[in-house]
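Before any comments, here is the structure.
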Amino acid sequence: MRKELRVAAYAVCVRDGRILLARLVEKGGGKRWTLPGGGMDHGEDPYDTVVREAEEETGYGVEPLSLLGVDSIERTYPRRLGADVDFHALRIVYEARVTGGELRHEADGSTDMAAWHPLDEVPGLERVGLVDVGLALWRERPGTGRVTGIPDDPAGA
């Protein structure tokens, strides 16, 4: 089985009791909220990745304030021609603050909109598991930089 590794960096931006999220457009057409961020380019520092990706997806300039932790997931995905791939995602999560820019939606990217959501409404959103992981890291600030027991896909199944 072929193996794939994806390293990405994400921002948890909380302001006035609301969190900034981007809406991910999935390959099957589904849409779920996620943290602003995305994959690192080869040779790129994760700090620079989260700054770049947050601006691309939300229109805001952000400043990472602290490293909250690293989330690691692994799963098997089917690929074309019937082959499966062993996919491993390493997701670096920062606390960040908005420093400028204006809220806007990404054009021609992996997300189609960005919005601030009240923290108490997050459990009712269609979202990816990374949102819950990011919020748990932000709230708990574990010394290990790791939270456990959070389903990767709370909006599914």
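Residue-level check: of (1) of a type outside the set (Val, Ile, Thr); (2) open to solvent by less than 60 Å² (accessible area, probe 1.4 Å); (3) in contact (Cβ under 8 Å) with a residue 24 or more places away in the chain; (4) under 30 Å from MET1 (Cβ atoms), ASP84 misses just (2). Is it the case that some residue within the range 118-130 is loosely packed, with under 13 Cβ neighbours inside 10 Å and either in contact with a strand residue (DSSP E or B) (Cβ under 7 Å, 6 or more places away or on another chain) or outside any helix (DSSP H, G or I) (or both)? Checked against the condition, which is being loosely packed, with under 13 Cβ neighbours inside 10 Å and either in contact with a strand residue (DSSP E or B) (Cβ under 7 Å, 6 or more places away or on another chain) or outside any helix (DSSP H, G or I) (or both), the range 118-130 yields at least one hit. If the condition is being within 24 Å of TYR77 (Cβ to Cβ) and out of contact with any Leu (no Cβ under 7 Å at 6 or more places or on another chain), then the range 7-30 contributes ALA8, ALA9, ALA22, ARG23, LEU24, VAL25, GLU26, LYS27, GLY28, GLY29, GLY30. The residue of the range 96-105 that is farthest from ARG139 (Cα to Cα), among those that are open to solvent by 40 Å² or more (accessible area, probe 1.4 Å) and either part of a strand (DSSP E or B) or among the hydroxyl-bearing types (Ser, Thr, Tyr) (or both), is GLY101. Checking the structure you have, find out if any residue of the range 32-47 is touching a Pro at 6+ places or on another chain (Cβ under 9 Å) and open to solvent by 50 Å² or more (accessible area, probe 1.4 Å). Looking through the range 32-47, at least one residue is touching a Pro at 6+ places or on another chain (Cβ under 9 Å) and open to solvent by 50 Å² or more (accessible area, probe 1.4 Å).
Could you please find all residues in the range 17-59 being of a type in the set (D, E, K, R), under 18 Å from GLY101 (Cα atoms) and touching a residue at least 60 places away in the same chain (Cβ under 8 Å)? Once the filter is applied, which keeps residues that are of a type in the set (D, E, K, R), under 18 Å from GLY101 (Cα atoms) and touching a residue at least 60 places away in the same chain (Cβ under 8 Å), the range 17-59 yields only ARG18.
The values are calculated or read from the model by the stated rules, or taken from the named source; none is laboratory data. Just so you know, these numbers come straight off a predicted model, no measurement behind them. Methodologically, a virtual Cβ is constructed for each residue, glycine included, from the backbone with ideal geometry; neighbour enumeration extends over all protein chains shown. These accessible areas exclude ligands, DNA and RNA; they are computed on the full protein's heavy atoms, side chains included. Shrake-Rupley method; radii C 1.70, N 1.55, O 1.52, S 1.80 Å.
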